[in-house]
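The values are calculated or read from the model by the stated rules, or taken from the named source; none is laboratory data. None of these values were measured; they are calculated from a predicted model. Here the Cβ positions follow ideal geometry from the backbone for every residue, glycine too, while neighbour counts run over all protein chains shown. Areas reflect the complete protein model, heavy atoms only, side chains present, ligands, DNA and RNA absent. Shrake-Rupley method; radii C 1.70, N 1.55, O 1.52, S 1.80 Å.
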Amino acid sequence: MRQEPAWDRMVIIGRYNEPLSTLIHRFKFQNQFWLDRTLARLLYLAIRDARRTHRLPLPEVILPVPLHHFRQWRRGYNQADLLAQQLAKWFKIPVDNGLLLRTKRTPTQRGLTTKDRRHNLKNAFRISTNDRHFPYRSVALVDDVITTGSTLNEIAKRLRQANVVHIQVWGLART
């Protein structure tokens, strides 16, 4: 059963094919974190194009998809956060990398079916706010590779519960 996306709009650079897939793999798994500027620039251009051709509004804030603290410690960085920082600078929009938390340490999503991905991510995220009022109505979630959208759907559901009205997804590639 195919699940409807819980977000409103998606902007990606392209499909997860060569040469983009190689760049993303090197950025994510081979510690080549300096590729953040190149990849973020390509995403920036795709977002600008979507703004021009599809009237995509800019969000109030950019939220990188969080990694579990153990995975971030092992990798040394959160690739989505590196991309978000560049985009925030170019669009002059704040980035909030502490608002979303990944509270459940899950196995990697690679190789899992859509159903297993959804189950793997159940209750894996929460929103960290000290007060009961969520500060934004319009957000952009930044992720690297979007396969089934399970991660983004799980986060978007939490954001909808916090009364976020407009959710965009900005990603490097779609498989």
Could you do me a favour and compute the accessible area per residue for the chain, 1.4 Å probe, result in Å²?
55 Å²
Restricted to pairs 8 or more residues apart or on different chains, the lysines in the chain with C-alpha atoms under 17 Å apart form a number of pairs equal to 4
Which of His25, His133, His119 moves most in a GNM of the chain, Cα contacts under 10 Å?
His133
For the chain, would you read off the P(r) tail past 30 Å as a percentage of all alpha carbon pairs?
11 percent
Contour minus Cα-Cα distance for Gln161 and Trp90 (0.36 nm per residue):
22.6 nm
Accessible area of the chain with a 1.4 Å probe: how many percent of it is carbon plus sulfur?
49 percent
Residue among Lys122, Lys157, Lys89 with the largest mean-square fluctuation in a Gaussian network model of the chain, springs linking Cα atoms under 10 Å
Lys89
With the dipole of region 1-77 worked out from charges on the C-beta (+1 for Lys and Arg, -1 for Asp and Glu) around the Cα centre, which of Phe33, Ala46, Trp7 lies farthest toward the positive end?
Phe33
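In debye, nearest 20: dipole of the chain around its Cα centre with unit charges on the Cβ of K, R (+) and D, E (-)?
So the magnitude is around 260 debye.
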